[in-house]
1. Run Ile235 past the list (1) modelled with pLDDT of 95 or more; (2) over 27 Å from Gln170 (Cβ atoms); (3) under 20 Å from the mean Cα position of the chain (by Cα) and report the number of the one that doesn't hold.
2. Can you name the residue in the stretch 132-153 that is in a helix (DSSP H, G or I) and open to solvent by 60 Å² or more (accessible area, probe 1.4 Å) and, of all such residues, is nearest to Ile20 (Cα to Cα)?
3. Looking only at the stretch 90-110, count every residue that is part of a loop (DSSP other than H, G, I, E, B) and among the polar types (S, T, N, Q) and tell me the total.
4. Of the conditions (1) among the hydrophobic types (A, V, I, L, M, F, W, C); (2) surrounded by fewer than 14 Cβ atoms within 10 Å (Cβ to Cβ); (3) at pLDDT 95 or above, Val100 clears all except one; give me its number.
5. Return the total of residues in the stretch 115-131 being of a type outside the set (Asp, Glu), within 21 Å of Asp56 (Cα to Cα) and either assigned to a loop (DSSP other than H, G, I, E, B) or out of contact with any Asp or Glu (no Cβ under 9 Å at 6 or more places or on another chain) (or both).
6. Only residues that are of a type in the set (Val, Ile, Thr) and in contact with a Phe, Trp or Tyr (Cβ under 7 Å, 6 or more places away or on another chain): list them for the stretch 5-28, please.
7. Wholly within the stretch 192-248, which helices (runs of 4 or more DSSP H) include no fewer than the required count, namely at least 1 residues that are within 21 Å of Tyr69 (Cβ to Cβ), open to solvent by 30 Å² or more (accessible area, probe 1.4 Å) and touching a residue at least 40 places away in the same chain (Cβ under 8 Å)?
8. Is it true that some residue in the stretch 216-226 is modelled with pLDDT of 90 or more, under 17 Å from the mean Cα position of the chain (by Cα), closer than 16 Å to Ala154 by Cα and not polar (S, T, N, Q)?
Amino acid sequence: MNRIDRKFQELQARKKPAFIPFITAGDPDLQTTKDLILEFEKRGADIIELGIPFSDPIADGPVIQASYYRALMRGTKVAHVLDMVSEVRRRSEIPIVSMVSYSTVFKKGYQVFIENALVAGLDGLTIPDLPVEENHDLFEMAKKNDFKIVCFIAPTTTDHRMAIIAENAQGFLYYISVVGITGVRDALPEDIVQNIRKLKQMTKIPVAVGFGVSTSDHAKMIGTVADGVIVGSAIMREIEKHAKDPAEKLIRYVGEFVGQMISGAKG
């Protein structure tokens, strides 16, 4: 069984949401990324979303774009990221899903990319720029290898298309809480709870919510209705804030922030 499925089953039995922190691989460096993954797991994180740096991200706001730029300027490559995941696997079985641009997958060839990801120990991919109607072959290969391709649903997605996406979903559905890009926000949309409940009525696949989840209060609200809480920009902002600190200090401060978010999400 895929680690993502196992984790959601475990959490649903305990009636707790998954906490899913997003971090950019290679910002400030890959050793720190590895240490942060292990620190987040110690703090109670359930699944890691690992961003593979890309020069033209489609859905990311300025905080994550800046982290991608810093990682790319340090020379971070896909192969380096997969090597780092392999190192994590020597010490941890936490599920890891990578956010990646389809052009990165296409350049390597989806068969080779998924094979390399499986060998490294990744459990799935989120591909924001790959429409569900155009990924049949990739989906089929993923299914044969128990590798998850996580699909996105936005507030603007029509009911008809939502049903199509839910039918093809693997691992979990990623519900985008806002119309727009990732980023730290003071408030979430007023209709978010209603939208999550509507989506959950359409599928048995777990629903995790991201984009704009920035405070422990946000995480608490989302955690009461969704199966997972995803936090990215708020964490990357903390990493950027402590980028000039010694690595152990950065890991401690960012770990404490994530711990607070986890406490909010899980009540």
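The values are calculated or read from the model by the stated rules, or taken from the named source; none is laboratory data. As the structure is a computational prediction, the values presented were derived from the model and not from experiment. Counting neighbours? That spans all protein chains shown, and the Cβs are built from the backbone with ideal geometry, glycine included. Just so you know, the surface numbers come from the protein's heavy atoms only, side chains and all, with ligands and any DNA or RNA stripped out. Shrake-Rupley method; radii C 1.70, N 1.55, O 1.52, S 1.80 Å.
1. Condition not satisfied by Ile235: (2).
2. Of everything passing the filter in the stretch 132-153, Lys143 is nearest to Ile20 (Cα to Cα).
3. Qualifying residue count, the stretch 90-110: 2.
4. For Val100, the exception is condition (2).
5. Total meeting the criteria: 5.
6. Passing the criteria: only Thr24.
7. The helices (runs of 4 or more DSSP H) meeting that bar are 233-241.
8. Yes - at least one qualifying residue is present in the stretch 216-226.
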